[in-house]
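Encoded as structure tokens, the structure appears first; notes follow it.
The values are calculated or read from the model by the stated rules, or taken from the named source; none is laboratory data. Small disclaimer: the values here were computed from a predicted structure and weren't measured. Positions of Cβ are generated from backbone atoms using ideal geometry, with glycine treated the same way; all protein chains shown enter the neighbour counts. Note: areas computed on protein heavy atoms with side chains; ligands, DNA, RNA excluded. Shrake-Rupley method; radii C 1.70, N 1.55, O 1.52, S 1.80 Å.
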Amino acid sequence: MKTLQDVDAQTIRHHVKAAGIVGAGGAGFPTHVKLQAQVDTFLVNAAECEPLLKVDQQLMARQAARLIRGLRYAMTATGASTGIIALKEKYCEAINALTPLLTEDIRLHILPDVYPAGDEVLTIWMATGRRVPPAALPVSVGVVVNNVQTVLNIARAVEQHYPVTRRTLTVNGAVETPLTVTVPIGTSLREVLALAGGATVPDPGFINGGPMMGSLIPSLDSPVTKTTGGLLVLPKTHSLIQRRLQDDKTVLALAKTVCEQCRLCTDLCPRHLIGHPLSPHLLVRAVNYQQTATPQILLSALTCSECNVCESVACPVGISPMRINRMLKRELRAQNQRYEGPLLAADEMAKHRMVPIKRLVARLGLNDWYHDAPFTETDYQPPQVTLLLRQHIGASATPCVKKGERVTRGQCVADVPEETLGAAIHASIDGIVSDITAQAITVIRG
Ligand code: SF4
Ligand code: SF4
């Protein structure tokens, strides 16, 4: 294994690219591209403030030394002189494991147990005091952010040339044995559910990720990807499932019928609170009245983080300004529109208006489904894996293997051209390529 001193920035980025690493906590932005930025601070976002997800807090406690090494590589690649791991006080085991490993240039930042402390714009503000302007990237304030699994993957790539072939996720909610487990990428969510003993309710619904930002899972045959946040199981009748089943027409009709312009959605919007000119009540009003708003107000929808506070916490009558923003975003992006606007003063009460996690869990009706989900060692070997060719932002990867070909775990099976934004895909088991479609490569164990 190489030592830290042996590795230069270019070599780090090379190994990260070859390993197909993408942001494991969000939309899957290719990490080697992120590491090209030159900044003064690299921030590990370890807030994990989605209730019910228990991955990062446990990985930090179990792999503290690797996390620090990964952070150090990321700092070398980005030229950062300061490394920060932002996490919550309640992650005691992680804090105890990390603290003895800290150096002068790497520190912990303890976040309050509120939602959405893990929205990177909020995390940066809380950990550094810097505010990212609306529609700008963290790099604009000298910061690059990645989450825990991504930074662990960086360490593995640099030291062992180990590509991304596994994913750790929490299975929680209405399941027999809530747990956190690592499985080969491409394993079906049905198999992951079975590892947790199956659902405990007769007619379950499924969410990929946390209850606030996770998306509805249409089929348990869907495979685990590099960005799968977790598997949350709830009765189909639960409001979190029912809200996600509403189509856009219903969302718009409800907004038009019952919005009373109380502006609670704006008063609690975290982006608004830190000085972004985003006012969800004005966007709802605009859509209710045939978009009779200034272009600037409509464009501000592009700055919505989709944190879901306005829908799940703020609105007293069940409207979803977030869903309306999502619809507006689709339209505006199709027209190649961009938002440019000022950073206003932050609300003096901003820090006190974030939602305490305990209150959030109660508000979401999750008290009965909130479990510890301890890490469970398993060497689960799926009989086959489905490797999606697009698990990242950018172009789909192009297969570089043929049907019938034997592949070994860690072998690159799909890649993107040199100058194209995207990430390579690797076989997560040894086996035979049994199928290749425009969307995925299937490998059967053998
Ligand atoms: S909180 Fe609900 S009712 Fe109040 S302004 Fe926002 S969308 Fe309308
Ligand atoms: S989802 Fe709602 S609360 Fe969150 S940033 Fe967007 S408008 Fe604000």
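Quick notes on this structure:
- Subset of segment 299-320 that is outside any loop (DSSP other than H, G, I, E, B) and within 21 Å of the chain's Cα centre (by Cα) - its residue that is nearest to ligand 1 (Cβ to nearest atom): 310
- The sole residue among 377, 306 that is out of contact with any Ser or Thr (no Cβ under 7 Å at 6 or more places or on another chain), within 30 Å of residue 184 (Cα to Cα) and within 15 Å of ligand 2 (Cβ to nearest atom) is 306.
- Checking 284, 361 one by one, the residue that is within 16 Å of ligand 1 (Cβ to nearest atom), part of a helix (DSSP H, G or I) and open to solvent by less than 40 Å² (accessible area, probe 1.4 Å) is 284 and no other.
- Every pair of residues 6+ apart whose Cβ atoms lie under 7 Å, when the first sits in segment 242-263 and is free of Cβ contacts under 8 Å to residues at least 24 places away in the same chain while the second is surrounded by 13 or more Cβ atoms within 10 Å (Cβ to Cβ) and in a helix (DSSP H, G or I): 263/281
- Just one of the listed residues (82, 103, 170, 128) is over 13 Å from residue 44 (Cα atoms) and touching a strand residue (DSSP E or B) at 6+ places or on another chain (Cβ under 7 Å), and it is 170.
- For residue 162, the criteria (1) open to solvent by 20 Å² or more (accessible area, probe 1.4 Å); (2) modelled with pLDDT of 95 or more hold in every case but one, which is (2).
- Look at segment 323-346: where a residue is free of Cβ contacts under 8 Å to residues at least 24 places away in the same chain and outside the structural domain of residue 132 (by TED's automatic domain parsing), no partner that is loosely packed, with under 14 Cβ neighbours inside 10 Å and assigned to a helix (DSSP H, G or I) sits 6+ places away or on another chain with Cβ atoms under 8 Å.
- Exactly one residue out of 216, 240 is under 30 Å from residue 328 (Cβ atoms) and either more than 23 Å from the chain's Cα centre (by Cα) or open to solvent by 40 Å² or more (accessible area, probe 1.4 Å) (or both): that is 216.
- Scanning segment 111-134 for residues that are within 16 Å of ligand 2 (Cβ to nearest atom), part of a strand (DSSP E or B) and in contact (Cβ under 8 Å) with a residue 24 or more places away in the chain turns up at least one hit.
- The listed residues are 181, 251, 171, and the only one of them that is touching a Pro at 6+ places or on another chain (Cβ under 9 Å), open to solvent by less than 50 Å² (accessible area, probe 1.4 Å) and either modelled with pLDDT under 95 or not assigned by TED's automatic domain parsing to the domain that holds residue 56 (or both) turns out to be 171.
- Lone qualifier among 362, 424, 397, 438 - being free of Cβ contacts under 8 Å to residues at least 12 places away in the same chain and aliphatic (A, V, I, L, M): 362
- The residue of segment 254-276 that is farthest from ligand 2 (Cβ to nearest atom), among those that are open to solvent by less than 40 Å² (accessible area, probe 1.4 Å) and in a helix (DSSP H, G or I), is 255.
- In segment 395-430, the residues that are modelled with pLDDT of 95 or more, of a type in the set (Ser, Thr, Tyr) and not in a strand (DSSP E or B): 408, 428
- Meets criteria (open to solvent by 10 Å² or more (accessible area, probe 1.4 Å) and under 18 Å from the mean Cα position of the chain (by Cα)) for residue 193: no
- Taken as a whole, segment 194-206 holds no residue that is in a loop (DSSP other than H, G, I, E, B), without any contact (Cβ under 8 Å) to a residue 40 or more places away in the chain and in contact with a helix residue (DSSP H, G or I) (Cβ under 8 Å, 6 or more places away or on another chain).
- Close pairs from segment 373-393: first over 19 Å from residue 434 (Cα atoms) and not assigned by TED's automatic domain parsing to the domain that holds residue 190, partner open to solvent by 50 Å² or more (accessible area, probe 1.4 Å) and in a loop (DSSP other than H, G, I, E, B), Cβ under 6 Å, at least 6 apart: 393/27; 393/29
- Residue count, segment 98-129 (criterion: of a type in the set (A, V, I, L, M) and open to solvent by 30 Å² or more (accessible area, probe 1.4 Å)): 4
- With respect to the stated conditions, residue 422 is on the phi > 0 side of the Ramachandran plot and buried (at least 20 other Cβ atoms within 10 Å of the Cβ).
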